[in-house]
Structures are given as C-alpha cells and as structure tokens.
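Q: My structure is below; once you've seen it, I'll send some questions.
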Amino acid sequence: MKRCTKRKAQAGITMLEVMIAVAVVGILVKLALPSLAGSSRKVKGDTEVNAFMTELRMKQEQFHLENGRYLSTGTESTMFPATAQPQQLAITTMPAEWNQLRVNLPEAQARCQYVAIAGNKLSGTIGTVAASFGFSNPGRDWYYILAHCDLDGDAAVDSWYFTSSKDAAIQKLNPGR
C-alpha cells in the first residue's frame, strides 16, 4: 500500500510581513514620541509653576495686609533662580526679597525662573512680557508674577506663565517649550 502524501501549505506569517509590521510600528512610535515628550514637559512645567505661583500669590497678599503694599522681588530681567533649564536645579539660598515675603518653597528644586513685580495706582513699571499677556495698571495696588521656563532645552522658544492680583488664573504662552 502506497501512501500518497501531499505536502500541505504551511500557515503563518512570512519574514517580509514581520519586517513590514516592525517598520510600521517604528514609524508610529517616531511620530508619537515628540508629542508624548511635549505633554510630559508641559505637565512638569504646569505642576511646578502652579505650586510656586500659588505660594507667591499667598505671600504677596499676606505682605500687603501687613505692610499696605505689594513687594517686587526683581524685574523681568532679574528672575530667580538665575537660569531656567529642563532639569531641576537645587535651590540652596533665596534672594532677600523672597525671604522678606517669607516664601516657603513648595519644592527644593526648580526648572523655571520666577519674579513678582509690584506697583500701585500711581507708579510701577509693567514689563513687556506682562504687557504681552494684556496686563495694565488696574488703578490700585497691583502685582504680577511671571515664570520663565526652558523645558525643552531649546532656547529659541520658551514657556512663559503669568498671574496677577487682577486675575488669579494662570495664563500660559508656549507651555511645555
């Protein structure tokens, strides 16, 4: 008795199909990574800035109640810490003005730079960054707080955050950058 054996076609995937699938997945990952990295930077920046600005707002209001005025901690060109960068830097000492406000740092490290600028209905210089957020002298004692961040390490475009005595909402320009 002779057995007839026919070779059955093998089911499965070919090496070519595997390579095409890997290439497609690689392209999708390459497209998604910048978006995911940007979202991660944005969350890190927003979290830090919210904590620092909340602390500075509370201390400004407390200082105003005790002294009848708000306190400037610098200018748009003299922010603290001295640099903004993607990695957090340890904050070891604070400027005298921050000590005068009795600021309790919400974090011992910072990626961004901060400044509070104050004035009254008759005086006070509103800087160009604050003006770009639409801030103008409200006709009473005022302050605004700026945060400057370089979260992506590219100095070409940076993140700016703004809040003021006029509006507690935090406005953002280029968040995550």
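Nothing in this text is a laboratory measurement; each read-out follows from the coordinates by a stated rule. Every value quoted in this text rests on a predicted model; they were computed, and no experiment measured them. Here the Cβ is made from the backbone with ideal geometry for all residues, glycine too, and neighbour counts use every protein chain on show.
Q: Give the peptides 88-99, 40-51, 107-118 in descending order of average Cβ contacts within 10 Å, highest first. List each step's numbers first, then the result.
A: Details: 88-99: 12.8, 40-51: 17.8, 107-118: 20.8.
Top to bottom by mean Cβ count within 10 Å: 107-118, 40-51, 88-99.
Q: Determine the calculated [θ] at 222 nm for the chain from helices alone, applying -39500 (n - 2.57) to every DSSP H run no shorter than 4 residues and normalising by the residue count; nearest 500 deg cm²/dmol. Please list the in-between numbers first.
A: Working: 3 runs with 64 residues, N = 177.
Helix-only estimate at 222 nm: -12500 deg cm²/dmol.
Q: Could you tell me which residue out of 130, 104, 87 lies farthest along the dipole of the chain toward its positive end? Charges go on the beta carbon: Lys and Arg +1, Asp and Glu -1, centred on the Cα centre.
A: 87
Q: Still on this structure: About the Cα centre of the chain, what is the dipole size in debye to 20, counting +1 per Lys and Arg Cβ and -1 per Asp and Glu Cβ, all else neutral?
A: Around 1560 debye, computed over the chain.
Q: Which of these values of percent of Cα pairs over 28 Å apart was calculated from the structure shown: (i) 18; (ii) 24; (iii) 39?
A: The listed entry that was calculated here is (iii).
Q: Hand me the tally of lysine pairs in segment 15-173: alpha carbons under 16 angstrom apart, and the pair either on different chains or 8 or more positions apart.
A: Numbers: 42/172; 44/172; 59/166; 121/166.
So the count of such lysine pairs works out to 4.
Q: For residue 22 and residue 171, FRET efficiency with R0 = 35 Å and r from the beta-carbon atoms, rounded to 0.05?
A: Here the calculated transfer efficiency is 0.20.
Q: Where does helix 15-67 land angle-wise versus the long Cα axis of the chain, in degrees 0 to 90, nearest 10?
A: That works out to roughly 10 degrees.
Q: While we're looking at this one, here's another question. Using 7 Å Cα-to-Cβ label points, what is the residue 121/residue 157 separation (nm, one decimal)?
A: Each label point lies 7 Å from its Cα, and together they span 4.1 nm.
Q: Quickly rank 60-68, 13-21, 155-163 as a protection proxy: mean count of other C-beta atoms within 10 Å, highest first. Provide the component values of the computation, followed by the final result.
A: Numbers: 60-68: 13.4, 13-21: 9.4, 155-163: 17.6.
Highest to lowest by the protection proxy: 155-163, 60-68, 13-21.
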